[in-house]
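Remarks on the structure that follows.
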Amino acid sequence: MEKWFNVGKIVNTHGIKGEVRVISRTDFTEERYKKGNSLFLFLPNSTEPIELKVKSHRTHKNFDLLTFEGYDNINVVEKLRDGILKVPENQLGKLPKGEYYFHEIIGCTVIIDGGDEIGKVQEILTPGANDVWVVKGKGKKEQLIPYIEDVVKEIDVAQKKIIITPIEGLLS
């Protein structure tokens, strides 16, 4: 079964010539939305994705504006609204050493370098200078772990294990 990864959501149309407004969920907009690339649209209440070829891409007021081959007016693209744009796993690029996709980190077990398990990464927040991992243990409240070198010492996505050295006051 194919794994799919979210790259954006079509939230509205833009103009009358087939452009759609997309809220992106990718760090690689130039790569994902490059002319000729295939994206797969998952519409609400639909089981099969629709393959779309990117015809053009530009940014406007915090949105990515896209057009697709064969979709050249507002009446046609109106039906695409609320659809989620995804790519299959084989389209994910190789990241540089020390960088990870969110899906690789979510679900990892976080362990203090002394051996105590804190819990599993449930989600990743991106508030500013660094990501923050939300870690939930059995019956414990959530712990917020900053993804910084001083704290995160080792990441093994194959073993789904992360070793940290907590700074003073980090864990409650």
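Overview of values
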read-out	value
Residue identified as crowded, with 16+ Cβ neighbours inside 10 Å, over 15 Å from V11 (Cα atoms) and of a type in the set (K, R) among K86, K55	K55
Test: residue in segment 95-108 that is surrounded by 18 or more Cβ atoms within 10 Å (Cβ to Cβ) and basic (K, R)	no
Enumeration of residues in segment 90-122 that are closer than 18 Å to K53 by Cα and touching a strand residue (DSSP E or B) at 6+ places or on another chain (Cβ under 7 Å)	L92
Residue in segment 137-149 that is more than 23 Å from K3 (Cα to Cα), in contact (Cβ under 8 Å) with a residue 60 or more places away in the chain and surrounded by 15 or more Cβ atoms within 10 Å (Cβ to Cβ) present	no
Among the candidates K79, K153, K141, residue that is over 27 Å from K34 (Cα atoms), of a type in the set (K, R) and not in a loop (DSSP other than H, G, I, E, B)	K153
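Residue by residue, here is whether (1) in contact with a Gly (Cβ under 8 Å, 6 or more places away or on another chain); (2) in the same structural domain as D156 (by TED's automatic domain parsing); (3) of a type in the set (V, I, T); (4) modelled with pLDDT of 90 or more holds:
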position: K97; (1), (2), (3), (4): no, no, no, no
position: C108; (1), (2), (3), (4): no, yes, no, yes
position: I111; (1), (2), (3), (4): no, yes, yes, yes
position: K120; (1), (2), (3), (4): yes, yes, no, yes
position: V134; (1), (2), (3), (4): no, yes, yes, yes
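The values are calculated or read from the model by the stated rules, or taken from the named source; none is laboratory data. All values reported here derive from a predicted model rather than from experimental measurement. For neighbour counting, all protein chains shown are included, and Cβ atoms are generated from backbone atoms with ideal geometry for every residue, glycine included.
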